[in-house]
Structure formats: structure tokens, C-alpha cells
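Quick notes on the structure that follows.
The values are calculated or read from the model by the stated rules, or taken from the named source; none is laboratory data. What you see is a predicted model; the values in this text were computed from it and never measured. A quick note on method: Cβ atoms are made from the backbone with ideal geometry, for glycine too, and the neighbour counts reach across all protein chains shown.
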Amino acid sequence: MAEPALSPDAIIAAEARYGAGLYAKRPLTIVRGEGARLFDAEGRSYIDCVGGQGAANLGHAHPAIVAAIQEQAARLISCPEIFPNDQRAAYLSELAAALPFPARIFLCNSGAEAVEAGLKFARLLSGRSNIIATMRGFHGRTMGALSATWEPKYREPFAPLIPGFQHVPYGDPDALAAAVNAETAAVLLEPVQGEGGVRPAPSGYLAAARRICDAHGALLLIDEIQTGFGRSGTLFAIEQSGVTPDMLIMAKSIAAGMPMGAVAVHERFGPLAPGSHGSTFGGNPLACAAARAALRAYRMEDLPQRAAAKGEWMRAQFAARNLPLVREVRGLGLLIGLELKKRVQPIILSLLERGVLALPAGPNVLRLLPPLVISDEDVATVVATVSDVLSGP
Ligand SMILES: *Cc1c(COP(=O)(O)O)cnc(C)c1O
């Protein structure tokens, strides 16, 4: 295995000097991963509850993914969609069979790009322009996706954004019903608000959204970029609601960490107008090969069920401990949020010092997104370490 190219100090210095400066960097380097473990340049091991910010549901260096990528890299990496390709064709049919509704699929390269495509398709198919999204919703950073994202600090420096977007309180069917009308192209919802604080949809909310959309001829777009591919306890979170969306938007763990996004458009709309949208890298054989291996691994290793069981156990453990710094324990599957009575940033640093990498979801929510392949032993260590750090003062 190749040695890290630079010393830890040189890694940190080079990123600080030549990176664009957009990210608040943590005081460590990550150079290798295996399963739910990450390793720094000095070989220290961490339990990964960042999970590639949701892209690493299969953990790191999963043998089936490594093999699929190696094999396909030696065969064909680039192949624009003007040429049919074996890996893409196989993936499209395999993903279509795994989706909870009959669909046609657009392939792209990231979450924001998938949201952009979903928004464009909604305008194209409805002939309308207005989009209803939700307060605390997160859909990405490109201009269209950002217009649907709520957080003012992400939006304000980039105004004016795209016209036609409105935000309603999440989880409130009456507010949604009051906002949707004959000019609404689409309602865009996360089944669990991830970035916005790990807030699962209240029971019946997604079904109410479906009825409201149907009553006005608006499309229902479900953003499963963070909840998809087993994270929620089912392959897609929407399956737990019994609701059929018009579009399902995917990315993050779709190709086990390879950059990829996708939009599944309900079959009833038929094919989209040729030339109306596209992507150079979209549907490239390397990402498709990784995504095929990922889909097989989710199924063969029973990862959605394992995520459901492990997540339930973790939430029950946290709740039972009545931790003095915790206001509420929330989540679905292995998407876990602990709302704290204080700011989360210092907690994340204490956890790092104790070998657990975790994420915030807003200023006072600790978010845990471990790979679904995490061992029971590591799950228990995470619960013990987090509980210890949140015991006070
Ligand atoms: C991460 C995320 C996005 C944006 O995905 P990128 O690949 O970072 O552009 C959009 N929606 C949700 C729900 C996400 O969690």
C-alpha cells in the first residue's frame, strides 16, 4: 500500500495554503479507511460516525467495491451517454428494479446536481414554475438547489436566487396545504431533515403531502440523498410511509463513495424531451460499476435491516441514560441526532480526542452517521464514548 505522500503537518499546511478556504478543517489528517474505521497519517484509528457525510454507508475499502472499481477502471472509465454502455445499462435496470415505483432514471455526479435536475424536470413536466420547499430543509449549494435550501447563512451571500421558491414549516400539513396551488410545479421534501437537525417527518406528513400535491396537480419530489441506500432502515425511507413520489432524488451512498447522483422519474411521465438536460460525466461506466456493486452489497449484507436494528438500539441506549446535556434523541435507522442543551462544536472535538468522528446538524445537534457495516462492538464504543462526553458538566 502506498505511503501517505506528505507528513501530517505538511498535509494540514498545504490544504490551508492552497485550498479555497471554504471548509472549517478538523485538526487531524485522514489517509486510510477500513470498514467503519478511519486512520490518520500516524496510524491512529478512529470510529467513523461521519460516514463520508452520508456517502460511506458501505464503509471504507469494501472488498466488493474495490474489486468493481479496479476491474472497470482497467476496462473503460469515460463513455458519454450518446453511446449505450454495458455497465450503465445493467445499473439502470438493477436500480429500476430496486426502486419502490416504476421509473426512468437520470444519472449525474452529485446531490446538488440531482436536485437541480429534479427541479428542471418538475418545471418541464408540469409547465409550472413554483417550488415549495421547507424551513430547515437542505438540498445542496448550486443556485437551484440553494434556492430550495432554507438556511439563511448559506443563501444570503448569493442573492438574488432563483425566483419561484417558497419555504413552509416542515412537518405541518396545514401550512403545506395553504401554500400549494395551481401554480405549484413541485413540493420538495426530505423524509428526515438531515442537515437541518435530524428531524424525521411526523407520521402521516408524507402521505398528506402526497394528497395535497394530487389535489393541485403538483409533483412530489423526495430528496433521499442522505436517507437513501439503507441509512433509514429500509433501502429508501419513503418505503416506510407507503407514499409513491413523482421523483426520488439520490446521491451520497449510491455508488459507495464514488461521486454519483440520480433522479428517478415516475414511469407515468414517459421519456423526457431529448436534449432538455444532460451531463458529461453522468452515467460513466466507473461510477455505474461501483453503484452496481454497492446495490448488491446493500442487499446481500442485509444492511437496511442492520441499520434499523443498530439505530434503534443506539437511540434506546441514549434515551435510557437520561444524559444531562441531551434535550432530545431523534432519528431513523442509523441517522441519529442528539439535540444538546449547549453548542455541539466543542463536543465534536472532545469526541475526536477520544477516537470518535461525528458531525453537527446545526449549532446544537450532534449527528451520527456511521457506515451501516459498523460492528456491534464499535456501536457499543460509540454509545459509551458519546454518553461519557455528554454526561456534563
Ligand atoms: C448532502 C445533501 C445534498 C447535497 O448533496 P451534494 O452531493 O453535497 O451536492 C442534498 N440534499 C440532501 C438531503 C443532502 O443531505
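Do you know which residues across the stretch 311-324 are surrounded by fewer than 16 Cβ atoms within 10 Å (Cβ to Cβ) and either in contact with a strand residue (DSSP E or B) (Cβ under 6 Å, 6 or more places away or on another chain) or modelled with pLDDT under 95 (or both)?
Correct list: Ala319 only.
If a residue has to be in a loop (DSSP other than H, G, I, E, B) and under 24 Å from the mean Cα position of the chain (by Cα) to count, how many in the stretch 157-193 make the cut?
Qualifying residue count, the stretch 157-193: 8.
Which residue is nearest to Ala114 (Cα to Cα), if the candidates are limited to the stretch 192-225 and must be within 16 Å of the ligand (Cβ to nearest atom) and touching an Asp or Glu at 6+ places or on another chain (Cβ under 6 Å)?
Asp223
Return the only residue of Ser276, Ser350 being part of a helix (DSSP H, G or I), surrounded by fewer than 21 Cβ atoms within 10 Å (Cβ to Cβ) and polar (S, T, N, Q).
After applying the criteria, what remains is Ser350.
Of all helices (runs of 4 or more DSSP H) completely enclosed by the stretch 40-145, which ones contain at least 2 residues that are modelled with pLDDT of 95 or more, touching a strand residue (DSSP E or B) at 6+ places or on another chain (Cβ under 8 Å) and β-branched (Val, Ile, Thr)?
In the stretch 40-145, no matching helices (runs of 4 or more DSSP H) lie anywhere.
Counting only residues that are touching a residue at least 40 places away in the same chain (Cβ under 8 Å) and under 16 Å from Leu359 (Cα atoms), how many does the stretch 315-331 have?
The qualifying residues number 3.
I'd like to know if the stretch 227-237 contains one or more residues that are in contact (Cβ under 8 Å) with a residue 40 or more places away in the chain, among the aliphatic types (A, V, I, L, M) and within 12 Å of the ligand (Cβ to nearest atom).
Yes, because at least one residue in the stretch 227-237 is in contact (Cβ under 8 Å) with a residue 40 or more places away in the chain, among the aliphatic types (A, V, I, L, M) and within 12 Å of the ligand (Cβ to nearest atom).
Could you tell me which of the residues Thr134, Thr142 is among the polar types (S, T, N, Q), within 15 Å of the ligand (Cβ to nearest atom), surrounded by 22 or more Cβ atoms within 10 Å (Cβ to Cβ) and within 25 Å of Lys252 (Cβ to Cβ)?
Testing whether each residue is among the polar types (S, T, N, Q), within 15 Å of the ligand (Cβ to nearest atom), surrounded by 22 or more Cβ atoms within 10 Å (Cβ to Cβ) and within 25 Å of Lys252 (Cβ to Cβ) leaves just Thr134.
Could you tell me whether the stretch 90-111 includes any residue that is of a type in the set (S, T, N, Q), farther than 22 Å from Thr149 by Cα and touching a residue at least 24 places away in the same chain (Cβ under 8 Å)?
For the stretch 90-111, residues of a type in the set (S, T, N, Q), farther than 22 Å from Thr149 by Cα and touching a residue at least 24 places away in the same chain (Cβ under 8 Å): absent.
Taking only the stretch 245-271 into account, find how many residues are buried (at least 17 other Cβ atoms within 10 Å of the Cβ) and either farther than 23 Å from Gln53 by Cβ or small (Gly, Ala, Ser) (or both).
Qualifying residue count for the region: 12.
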